[in-house]
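The values are calculated or read from the model by the stated rules, or taken from the named source; none is laboratory data. Given the structure is predicted, the values throughout are model-derived calculations rather than measurements. Glycine gets a Cβ as well: all are built from the backbone with ideal geometry, and neighbour counts include every protein chain shown. Accessible surface areas use protein heavy atoms only, side chains included; no ligands, DNA or RNA. Shrake-Rupley method; radii C 1.70, N 1.55, O 1.52, S 1.80 Å.
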Amino acid sequence: MAVMSFITVSLLFALGLFTVLSQRNVFKTVIGLTLMESAVLLLLISWAYIPGGSAPILPLQGKGVDPLPHSFTLTAIVIGACDIALAFAFIMKLHRFERSVNVDDFRRLKG
Amino acid sequence: MSEHLLAFLYFFILLTAFVAIFLDDLLSSFISLSVTGVLMATVFALLRAPDVALTQAIINSGLVTSLFLVAYSRTQRTPPPAGECVECPFWLRWPGAALVSALFAAVLFRGLYVFSGERIPGSTSAHYLSQTLEETGALNVVAAILLDYRAFDTLGETTVIFTAVFGISLLLSGGKYVHSGHGLSFIVKRGMALLTPFILLYAASILFLGHLTPGGGFQGGSVFATAAILICVVYGTNFEAARISPKSKETFEAGGAVLFVFIGLLGIAWGGGFLANLSGPFSAGTPGSLFSGGNMLLLNLAVGMKVGAGLSSIFYTMIKILELEDDSWPS
């Protein structure tokens, strides 16, 4: 089961990286960043899972899964959402000046 | 837990991610990404992480998608110059990117494969699981870690939210906000009026029962922000601004931070240390009752105020820009 999760995490992260590298639309770049973030979240949660474990709500039935990665993941989700909101604000501002959301059209930064 | 179900969900996560990347229509691709988020939330619930599943469903697939819709409608008003860049077309770009990504995936999997043996939780996690009830009085171990054992981290995280709100306001504010949409139709407005109390009740129950059940300040605050966003969309932004003014949102956000730090300093004053809970002035109470877990209820309230006010002001700032004419954009 862990191997299955790790394969999914690797593929999801690679998909996100591929998007960031190959796509020219800045919205697609944001999608790529979101996918990479999701891969990291999935890795943390699947790593915290223990076969047969129960959710970390007391009283536990049997052994519980690892609660520490859960709290890290919570933090990461909220901060990731703030990151993406900031990225959208940058896109809106860029579109105001460049009239485009395509990276190739942003000519002002070129030397 | 059924492994087949998990494999099925993983397959569809990859499929929807694939669709989100390769669709030309941005709107469809973001809806597809939102579906990926919901499937991820299901996987988190299956992997016994109810807190994370709740947060993922509310924030990543709900709020982020709504923010995308605003940014998307702003940038689609003037259609971008169409066509691929002539210098470097897609068919020339993708082999290199695919090679790098494939190599990265292989290395990543090789590295992760080391951890695929039987997993033994560290002593820290074992301590949290066995001692939480005694040391904090809370039933939700994740909330106890966030708000008691590692509460200082949570203070830092709320600072990050504040910084994001600050940055977005700096980038997008400065115009005179006189324009406002008239909202949606009469039927939607009446329906929303009936729904609002229940949404607020749901948000409050998630927020105040965070130390007992899955949920807490982050999730409850996000649902509060969702209610504000819905009101904004259904009734128009001027109505929302008249009911919940942007100033009062700022006050709420600052109030949340001040409350959090005040509770922390109270611990020092009692001789326990910053953000001390049971070694400070707070008592554990009866486990399972609302007033238990020491300062966790107040800290949840502080985090909820901060997250709710922060996220709703992000949305308000962005949607206000949407209603401005192109010429009156603040520069």
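Got at least one residue in the range B:180-189 being touching a residue at least 60 places away in the same chain (Cβ under 8 Å) and either under 30 Å from A:Ala89 (Cα atoms) or buried (at least 24 other Cβ atoms within 10 Å of the Cβ) (or both)? Talk me through it step by step, then tell me what you get.
Of the range B:180-189, the ones touching a residue at least 60 places away in the same chain (Cβ under 8 Å) are B:180-181.
Restricting the remaining residues to those that are either under 30 Å from A:Ala89 (Cα atoms) or buried (at least 24 other Cβ atoms within 10 Å of the Cβ) (or both) gives B:180-181.
For the range B:180-189, residues touching a residue at least 60 places away in the same chain (Cβ under 8 Å) and either under 30 Å from A:Ala89 (Cα atoms) or buried (at least 24 other Cβ atoms within 10 Å of the Cβ) (or both): present.
List the number of the failed condition for B:Ala241; all other conditions in (1) surrounded by 17 or more Cβ atoms within 10 Å (Cβ to Cβ); (2) not in a helix (DSSP H, G or I) hold.
If we test B:Ala241 against (1) surrounded by 17 or more Cβ atoms within 10 Å (Cβ to Cβ); (2) not in a helix (DSSP H, G or I), just (2) comes out false.
Given the residues A:Gly52, A:Gly80, which is the only one that is surrounded by fewer than 23 Cβ atoms within 10 Å (Cβ to Cβ) and not in a helix (DSSP H, G or I)?
Exactly one of A:Gly52, A:Gly80 is surrounded by fewer than 23 Cβ atoms within 10 Å (Cβ to Cβ) and not in a helix (DSSP H, G or I), namely A:Gly52.
Residues of the range A:83-111 being within 12 Å of the chain's Cα centre (by Cα) and either small (Gly, Ala, Ser) or open to solvent by less than 30 Å² (accessible area, probe 1.4 Å) (or both), which ones?
A:Ile84
Take the conditions touching a residue at least 24 places away in the same chain (Cβ under 8 Å) and either open to solvent by less than 10 Å² (accessible area, probe 1.4 Å) or over 30 Å from B:Ser169 (Cα atoms) (or both) and apply them to B:Leu278. Does it pass?
Values: touching a residue at least 24 places away in the same chain (Cβ under 8 Å): yes; either open to solvent by less than 10 Å² (accessible area, probe 1.4 Å) or over 30 Å from B:Ser169 (Cα atoms) (or both): yes.
Answer is yes for this residue.
Could you please let me know if A:Gly62 is more than 23 Å from the chain's Cα centre (by Cα) and either at the interface with chain B (Cβ under 7 Å from one of its Cβ atoms) or closer than 24 Å to B:Trp91 by Cβ (or both)?
Taking the combined requirement at face value, the residue does not satisfy it.
Just name the residue that is nearest to B:Phe11 (Cα to Cα) out of those in the range B:36-52 that are facing chain A (nearest Cβ under 9 Å) and under 14 Å from the mean Cα position of the chain (by Cα).
Top of the filtered list is B:Gly37.
Restricting to the range B:100-123, name every residue that is part of a helix (DSSP H, G or I) and either open to solvent by less than 50 Å² (accessible area, probe 1.4 Å) or within 13 Å of A:Pro56 (Cβ to Cβ) (or both). Working first, answer last.
Going through the range B:100-123, the residues part of a helix (DSSP H, G or I) turn out to be B:100-116, B:123.
Of everything in the range B:100-123, those that are part of a helix (DSSP H, G or I) and either open to solvent by less than 50 Å² (accessible area, probe 1.4 Å) or within 13 Å of A:Pro56 (Cβ to Cβ) (or both) turn out to be B:Ser101, B:Ala105, B:Leu108, B:Gly111, B:Leu112, B:Ser116.
Just one of A:Met92, A:Met36, A:Met4 is in contact with a Lys or Arg (Cβ under 8 Å, 6 or more places away or on another chain) and outside any loop (DSSP other than H, G, I, E, B); which is it?
A:Met92
Table: residues versus (1) in contact with a strand residue (DSSP E or B) (Cβ under 8 Å, 6 or more places away or on another chain); (2) more than 7 Å from every other protein chain (Cβ to nearest Cβ).
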position: A:Phe18; (1), (2): no, no
position: A:Val26; (1), (2): yes, yes
position: A:Ile31; (1), (2): no, no
position: A:Thr34; (1), (2): no, no
position: A:Ala55; (1), (2): yes, no
position: A:Leu68; (1), (2): no, no
position: A:Ile79; (1), (2): no, no
position: A:Leu94; (1), (2): no, yes
position: A:Phe97; (1), (2): no, yes
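For B:Ala254, state whether it is in the same structural domain as B:Ala164 (by TED's automatic domain parsing) and free of Cβ contacts under 8 Å to residues at least 40 places away in the same chain.
Yes; evaluated as a whole, the condition is true for this residue.
How many of the residues in the range B:208-259 are of a type in the set (Val, Ile, Thr) and under 19 Å from B:Ala151 (Cβ atoms)?
Of the residues in the range B:208-259, 1 are of a type in the set (Val, Ile, Thr) and under 19 Å from B:Ala151 (Cβ atoms).
Quick one: is B:Leu301 over 30 Å from A:Ile91 (Cα atoms), crowded, with 20+ Cβ neighbours inside 10 Å and modelled with pLDDT of 85 or more? Don't jump to the end; show me each part of the working.
Working: over 30 Å from A:Ile91 (Cα atoms): yes; crowded, with 20+ Cβ neighbours inside 10 Å: yes; modelled with pLDDT of 85 or more: yes.
So B:Leu301 fits the description; yes.
Given the conditions (1) of a type in the set (Ser, Thr, Tyr); (2) within 23 Å of the chain's Cα centre (by Cα); (3) outside any helix (DSSP H, G or I), which single one is not true for A:Ser71?
If we test A:Ser71 against (1) of a type in the set (Ser, Thr, Tyr); (2) within 23 Å of the chain's Cα centre (by Cα); (3) outside any helix (DSSP H, G or I), just (3) comes out false.
In the list B:Phe22, B:Phe30, which residue meets the criterion of being more than 24 Å from A:Val3 (Cβ to Cβ) and either open to solvent by less than 70 Å² (accessible area, probe 1.4 Å) or polar (S, T, N, Q) (or both)?
On the way: B:Phe22 fails: either open to solvent by less than 70 Å² (accessible area, probe 1.4 Å) or polar (S, T, N, Q) (or both).
Sole residue among the options that is more than 24 Å from A:Val3 (Cβ to Cβ) and either open to solvent by less than 70 Å² (accessible area, probe 1.4 Å) or polar (S, T, N, Q) (or both): B:Phe30.
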